[in-house]
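Enquirer: One structure follows; several queries about it will come next.
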Amino acid sequence: MTTPIRLYMSMSLDGYIAGPDDRPGQELGEGGGRLFDWLDDRLCPGINGQVYSEASATGAVISGRRTFELAGRWGGDHHDGVPIFVLTHEIPDEPPPGSARFVTDVATCAAQARAASSGRPVMVHGAGAAQALLRAGELDEMELHLVPV
């Protein structure tokens with residue numbers, strides 16, 4: 001089997017993945033942090049700790065451009081220096097920081113992330129990136145956490 005590309009996503013029962021008015025400084029939108037309250041015990045045994053450990057063990061990240069920018073570009077390091085592949089419609093003039101790189105083609109992005117992940121799963125961030133990968137047949141696994149808010 002090829003290296004899986006895996007989406008981890010928290011979503012409200014009514015289908016939202018962020019609160020209204022998401023922007024820099026309020027990345028998850030107004031009240032959107034509630035969608036991630038379940039991760040408060042991420043270092044404990046059980047499903048929350050398991051999900052956090054799995055996400056942290058990924059070997060590369062694919063992100064949508066908007067998510068990447070809202071997250072402050074993760075300072076160029078999402079976790080442990082893994083490569084970050086940012087799906088974008090247009091490559092900006094300014095190069096991305098750290099291990100990040102911009103990619104405009106979905107299949108190329110998926111192939112590069114798989115190759116760079118050292119055989120570990122690739123994590124996806126952002127609804128736009130997830131949708132593009134799904135349409136291209138490149139999204140292998142989805143783990144959704146439905147949260148009543």
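Enquirer: Answer yes or no: is there a residue in the range 79-90 that is among the charged types (D, E, K, R) and over 17 Å from the mean Cα position of the chain (by Cα).
Expert: Yes, there is a match, as at least one residue in the range 79-90 is among the charged types (D, E, K, R) and over 17 Å from the mean Cα position of the chain (by Cα).
Enquirer: Another one. Quick one: would you say residue 100 is closer than 17 Å to residue 2 by Cβ and at pLDDT 95 or above?
Expert: Considered against the rule, which asks whether it is closer than 17 Å to residue 2 by Cβ and at pLDDT 95 or above, residue 100 comes out as no.
Enquirer: I've got another one for you. For the range 115-124, does any single residue satisfy the condition of being touching a His at 6+ places or on another chain (Cβ under 8 Å), hydroxyl-bearing (Ser, Thr, Tyr) and farther than 23 Å from residue 28 by Cα?
Expert: no
Enquirer: Tell me whether the range 4-24 contains one or more residues that are acidic (Asp, Glu), at pLDDT 75 or above, surrounded by fewer than 16 Cβ atoms within 10 Å (Cβ to Cβ) and not in a helix (DSSP H, G or I).
Expert: Within the range 4-24, one or more residues are acidic (Asp, Glu), at pLDDT 75 or above, surrounded by fewer than 16 Cβ atoms within 10 Å (Cβ to Cβ) and not in a helix (DSSP H, G or I).
Enquirer: Check whether at least one residue in the range 103-124 is under 13 Å from the mean Cα position of the chain (by Cα), under 18 Å from residue 18 (Cα atoms) and either modelled with pLDDT of 95 or more or of a type outside the set (Phe, Trp, Tyr) (or both), and report yes or no.
Expert: Yes, there is a match, as at least one residue in the range 103-124 is under 13 Å from the mean Cα position of the chain (by Cα), under 18 Å from residue 18 (Cα atoms) and either modelled with pLDDT of 95 or more or of a type outside the set (Phe, Trp, Tyr) (or both).
Enquirer: As an exercise: evaluate residue 28 against (1) assigned to a helix (DSSP H, G or I); (2) open to solvent by 60 Å² or more (accessible area, probe 1.4 Å) and give the number of the one condition it does not meet.
Expert: So residue 28 meets the others, but not (1).
Enquirer: For the range 65-95, which residues satisfy the criterion of being surrounded by 18 or more Cβ atoms within 10 Å (Cβ to Cβ) and outside any helix (DSSP H, G or I)?
Expert: 78, 82, 83, 84, 85, 86, 87, 88
The values are calculated or read from the model by the stated rules, or taken from the named source; none is laboratory data. In this text the structure is predicted, and so the values were computed from the model without any measurement. We place every Cβ from the backbone using ideal geometry, glycine too, and count neighbours over all the protein chains shown. Remember, those area values only see protein heavy atoms, side chains included, never the ligands or the DNA or RNA. Shrake-Rupley method; radii C 1.70, N 1.55, O 1.52, S 1.80 Å.
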